[in-house]
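Take a look at the structure set out below.
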Amino acid sequence: MGIKTKDLLGLKNISKEEIELILNTAESMEEIIYRDVKKLPTLRGKSVVSLFYEPSTRTRSSFELAGKYLGADTMNMGVSSSSVKKGETLIDTGRTLDAMGIDMVVIRHPAAGAPKLLGENIKARVINAGDGYHEHPTQALLDMYTMRKKFGELQGLTVAIIGDILHSRVVRSNIWGLTKMGAEVIVCGPPTLLPADIAATGVRVVTCFKDALRDADVIMMLRIQLERQQKGLFPSKREYAKMYGLNKETLSLAKKDAMVMHPGPINRGVEISPEVYESVQSVIDEQVTAGVAVRMALLYLMMGSDFEDEKATS
Amino acid sequence: MKRLLLKNALIIDSVRHREFKGDILIENCKIKKVAEEIEINDREETRTIDLEGKVVTPGMIDMHVHLREPGEENKETIATGTKAAAYGGFTAVACMPNTYPAADNEATIELIKRRAEEAGNCRVLPVGCLTKERQGEIMAEYGFLKDAGVVALSDDGNGVMNSEVMRHCMEYATLYDLPVLSHCEDENLAEGGQIHEGYYSTILGLQGIPAAAEEIMIARDIALAELTGARLHICHISTKGGVELVRRAKEKGLKVTAEAAPHHFSLSDQETASYNTATKVNPPLRSEEHIQAVIAGLKDGTIDVIASDHAPHSREEKEVEYPFAPFGISGVETCLAVSLHYLYHTGKLSLRQLVEKFTTGPASVLGINIAGIEEGSLAHLTVFDPELVKEVNLKNWHSLGQNTPYAGKNLKGWPVMTIVGGKITAESLT
């Protein structure tokens, strides 16, 4: 059994069983990361290209390391130095990669839907590493992996996601994944940063930070981009930090063993204080390790077996 | 053939308000005779067409198309766009002035008219710019434009954001009794938006365009119509609130009219979930409640006209990431078919009502005379088969713009013949 679809575009359309399979596989992958010699021959002869149209540190290096640990050949296609700069379309870039015999493309793109467009036009399998405000499935998988590791299961957990819900692809993937696994999701932020009809996805929507913290087993803080302030979505960094910043005082309102997460990179002192970041409740560094394990699992599951449907679905 | 004899047709003459079964004889561009039955002696000189089961109406007008010429001939030309219009059942189209150069001067209007005449597919009624270069700042020369032959004024594609400029444009337009066709969109509120703001914009991660962006400008323009006495026509109305505003303006007796595009009463924003850029259009495909409001507006007469907002684009422009694709649906060829399928066959509009939205409706908005189906009038006629089921097939497509969200869909009710000045300009009778 593997991943049924050709491409992994998001968590909206994959099944609970597939999520479980990925998380279970990631458990055995994590063990490899701690080995002295981190190199398996499993994916020897397979090639993975990362095609990043947006800057990224952890996601890109995490995918590359995951591929290398499993013996695949990984290549990073720097978009700024490639033909993309010369005006090549995404579809044509994909056709070029196909013609080179690539097995998989990991794509990050500022436009929602770009990985789907690529996947529909190439033979290589595609993993979405973040598209616009749409989805970031591997981030949500590593978040769920980290939660499951601590709590044993996701069923029954209450996960509060705080901050810029409107512009977050991490939130959307976590909503689909977590609700499928039986967790309750609370999204919290100022009304200007909550997207229309978000409640229709099955989450609880609150604007008061304290209300969101009260029942949470997991507190996931999102990065606040300061350009949102320039767009008039909140008045100042100072007021944001006061209303929605997680510090020792606000953390004390939550359950004693509540877990603190952040997809990174962090604005220290804005959405999260350094003390909380470094506290025992924080699993932000563990999330990074989980990221490698989950991506190893995905590469293994998607390249080690054939997919069932020939067509990509979103 | 000197003469054309159309037999056994259901004639819906929306101009003369009558409906009957009969024959029409056409000779020398004109309707020679209309009767229950016409017998011809010299069959040699006459082409006789049996139109049993088909409907003949006064020539239909699509009062909102983008023909792209001059300037964007990779998307469409006047020749291809008017051919597509003829195959869509239209004997006339009103073309929007967002060309390059913009149609804010007599020379561009003359060029459009000449190219249209050379093509000979259907009549072209040019719309002139409301402001110079469609910048929303300086009024265009309406007097010269009117002399050159424009039927209306518009900056379509954009609205005029400055209310003072709009006020003066509307005031000045009354001097020439030209209708102002308004593209109602608050550009600040809609900026960066890709699809209707709602559940789908949220889950797809595409920036939303709230219904309020349209409603605000409709409300403003109605207020200005009241202030200035201008003839205001709301283009491509797509929102529940917008329809309600027009309804109230009409009740008040203001000179306000409106049009709806077929995609706004047939497709919801759910279609955008495919990220198919053929669904990217402005105003965007809305949610179900807005669709129902547009249909209700068509039904009760709040919306006078159905027009395609035909906006062809080239493949290379549309085969890109959703946010990078231009807005627009190539719709003139499916406009009547979609309307028959989604309005007539669902029982929302009678055939008579539907025909009015394409004939007397646009004619009265534009203030042009159209002939009824009677002896002596020019033979501009549309023939459609209300029961014909056919797939929208891009292989039999006439527009250069293949950007249609209806591709592959089966529609019931299609135009089968278009007659302009006695000449058949499109025919797909089987």
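Nothing in this text is a laboratory measurement; each read-out follows from the coordinates by a stated rule. Just so it is clear, the model here is predicted, and its values are computed rather than measured. Every residue, glycine as well, gets a Cβ built from its backbone with ideal geometry; the counts of neighbours run over all protein chains shown.
If the reach is capped at under 24 angstrom between alpha carbons, list the lysines near A:Lys242, excluding any in the same chain fewer than eight residues apart. Within the straight-line limit of under 24 Å, A:Lys242 reaches these lysines: A:Lys210, A:Lys231, A:Lys255, A:Lys256.
Evaluate Rg over Rh across the range B:295-380, taking Cα atoms for both radii and Kirkwood's formula for Rh. Checking Rg against Rh, the ratio lands at 1.09.
Taken along its principal axes, the alpha carbon cloud of the range B:332-430 reaches lengths of 41, 31, 26 Å, longest axis first. When the inverse distances between all different Cα atoms of the range A:1-49 are averaged and flipped, the Kirkwood radius reads 13.0 angstrom. Per residue of peptide A:251-259, the mean number of Cβ atoms on other chains within 10 Å of the residue Cβ is 0.
Which of the lysines could be linked to A:Lys16 by a straight reach, that is with a Cα gap under 23 Å, when you skip same-chain ones fewer than 8 residues away? By straight Cα distance, A:Lys16 reaches A:Lys4, A:Lys6, A:Lys116, A:Lys149, A:Lys150, A:Lys180, A:Lys311.
The calculated FRET efficiency for B:Glu19 paired with A:Thr89, based on their beta-carbon distance and R0 = 60 Å, is about 0.70. With only the Cα atoms considered, chain B has a convex hull volume of 125 Å³ per residue.
Look at B:Ser364, B:Ser350 and count the other Cβ atoms within 10 Å of each Cβ; fewest to most, that gives B:Ser350, B:Ser364.
Quick check on chain A: what does the Kirkwood estimate of hydrodynamic radius come out to from the alpha carbon pairs, in Å? So the Kirkwood estimate lands at 19.9 Å. Of the candidates A:Met75, A:Met104, A:Met221, which one comes out as most mobile in a Gaussian network treatment of chain A with C-alpha springs shorter than 10 Å? Ranking A:Met75, A:Met104, A:Met221 by mean-square fluctuation puts A:Met75 first.
Using the Cα gyration tensor of the range B:322-365, with a ≥ b ≥ c the square roots of its eigenvalues, what is the shape: rounded (a/c below 1.5), prolate (a/b larger than b/c) or oblate (neither)? In terms of gyration-tensor shape, oblate.
About its Cα centre, the dipole of the protein assembly as shown is roughly 1100 debye, where the only charges are +1 on Lys and Arg Cβ and -1 on Asp and Glu Cβ.
Arranged from fewest to most other beta-carbon atoms within 10 Å of their beta carbon, A:Met144, B:Met63, A:Met302 become A:Met302, A:Met144, B:Met63. Amide hydrogen proximity for B:His64: with H placed 1.01 Å from N in the peptide plane, the residues at 5 or more positions away or on another chain lying under 5 Å are B:Ala94, B:Ser308, B:Asp309. Counting only other chain Cβ atoms within 10 Å of each residue's Cβ, the peptide A:107-118 averages 5. Checking every one of the GluC sites (Glu not before Pro) in the range B:328-430 against DSSP loop status and a limit of 13 other Cβ atoms within 10 Å picks out B:Glu375.
Restricting the calculation to alpha carbons of the range B:1-140 gives Rg and Dmax of 19.2, 63 angstrom. Have a look at A:Glu239, A:Glu20, A:Glu271 and tell me which one the Gaussian network model of chain A (Cα, springs below 10 Å) gives the largest fluctuation. Highest fluctuation of the listed residues: A:Glu239. Roughly what % antiparallel, to the nearest 5, for the DSSP beta bridges in chain A? The antiparallel fraction comes to roughly 5 percent. Only one residue of B:Asn74, B:Tyr100, B:Ile38 has its Cα farthest out toward the positive end of the dipole of the range B:1-120, where Lys and Arg carry +1 and Asp and Glu -1 on Cβ, and that residue is B:Ile38. When every Cα-Cα distance of the range B:90-203 is counted in 5 angstrom steps from zero, the calculated P(r) takes the values 2, 12, 21, 20, 16, 11, 9, 6, 3, 1, 0 percent. Between the listed residues A:Ile14, A:Gly45, A:Cys188, the Cα displaced farthest toward the positive end of the dipole of chain A, a dipole computed from Cβ unit charges relative to the Cα centre, is found at A:Cys188.
Output the pairs from B:Lys113/B:Lys240; A:Lys123/B:Lys395; B:Lys7/B:Lys113; B:Lys75/B:Lys390 with a Cα-Cα distance over 31 Å in this structure; if there are none, say none. As for pairs spanning more than 31 Å Cα to Cα, those are B:Lys113/B:Lys240; B:Lys7/B:Lys113.
Charge dipole of chain B (Cα centre as origin; +1 on each Lys and Arg Cβ, -1 on each Asp and Glu Cβ, all else neutral): 960 debye, rounded to the nearest 20. Measuring how big the range A:175-304 is from its alpha-carbon positions, Rg and Dmax come out at 15.9, 50 Å. Considering only A:Val288, B:Ser266, B:Val416, whose Cα is most displaced toward the positive end of the charge dipole of the protein assembly as shown, charges sitting on Cβ of Lys, Arg (+1) and Asp, Glu (-1)? Among A:Val288, B:Ser266, B:Val416, the one farthest towards the positive end of the dipole of the protein assembly as shown is A:Val288. The magnitude of the dipole of the range B:1-48, with charges of +1 and -1 set on the Cβ of Lys/Arg and Asp/Glu and taken from the Cα centre, is near 180 debye. Of all beta bridges that DSSP places with both ends in the protein assembly as shown, some 35 percent have antiparallel geometry. Please check: in the Gaussian network model of chain B (C-alpha springs, under 10 Å), which one of B:Phe144, B:Phe358, B:Phe90 has the largest mean-square fluctuation. Highest fluctuation of the listed residues: B:Phe144. Remark: the protein assembly as shown is approximated by an ellipsoid whose semi-axes, taken from the C-alpha gyration tensor as √(5λ), come to 56, 29, 22 Å, largest first.
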